[in-house]
Amino acid sequence: MTSRIYNRLAVLRAERGLSRKDLAEAVGVNYQTIGYLERGDYQPSLELALKLAAQFELPVEMVFSLQPFEPLSRLASKQGG
């Protein structure tokens, strides 16, 4: 049985103003692969996960997780209160 891998790719792309095509070209995959990853329809290889994390200059566990990420709005409200 394969676990689902959660990711923050769409949020990270939006923060940096990158299209799926831009990100795909930067890591050497087809732009459709980025869409499949974002929707959870495809799990990245270790190599691809590391390339994506490096592209965003983040540790891989900040981009991918075996547990759902806490919504950023909830994290922000914890810091504000």
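The residue that is farthest from the chain's Cα centre (by Cα), counting only those in the range 22-44 that are of a type in the set (S, T, N, Q) and not in a loop (DSSP other than H, G, I, E, B), is 32. Looking across the range 1-37 at every residue that is among the polar types (S, T, N, Q) and either touching a Cys at 6+ places or on another chain (Cβ under 9 Å) or at pLDDT 95 or above (or both), the one that is farthest from residue 69 (Cα to Cα) is identified as 30.
Of everything in the range 5-21, what is assigned to a loop (DSSP other than H, G, I, E, B) and in contact with a Pro (Cβ under 9 Å, 6 or more places away or on another chain)? Give them in sequence order. Result: 5, single match. Within the range 26-51, residues that are free of Cβ contacts under 8 Å to residues at least 24 places away in the same chain reach partners that are small (Gly, Ala, Ser) with beta carbons closer than 7 Å, at six or more positions or on different chains, in the pairs 30/24; 31/24; 33/24. Scanning the range 50-81 for residues that are touching a strand residue (DSSP E or B) at 6+ places or on another chain (Cβ under 7 Å) and within 18 Å of residue 14 (Cα to Cα), which turns out surrounded by the fewest Cβ atoms within 10 Å (Cβ to Cβ)? So, considering only residues that are touching a strand residue (DSSP E or B) at 6+ places or on another chain (Cβ under 7 Å) and within 18 Å of residue 14 (Cα to Cα), the one surrounded by the fewest Cβ atoms within 10 Å (Cβ to Cβ) is 69. Any residue at all in the range 55-66 that's within 19 Å of residue 3 (Cβ to Cβ), without any contact (Cβ under 8 Å) to a residue 40 or more places away in the chain and part of a helix (DSSP H, G or I)? Yes: one or more hits.
The values are calculated or read from the model by the stated rules, or taken from the named source; none is laboratory data. Since we're looking at a predicted model, the values are computed, not measured. Here Cβ is always computed from backbone atoms with ideal geometry, including for glycine, and neighbour counts include all displayed protein chains.
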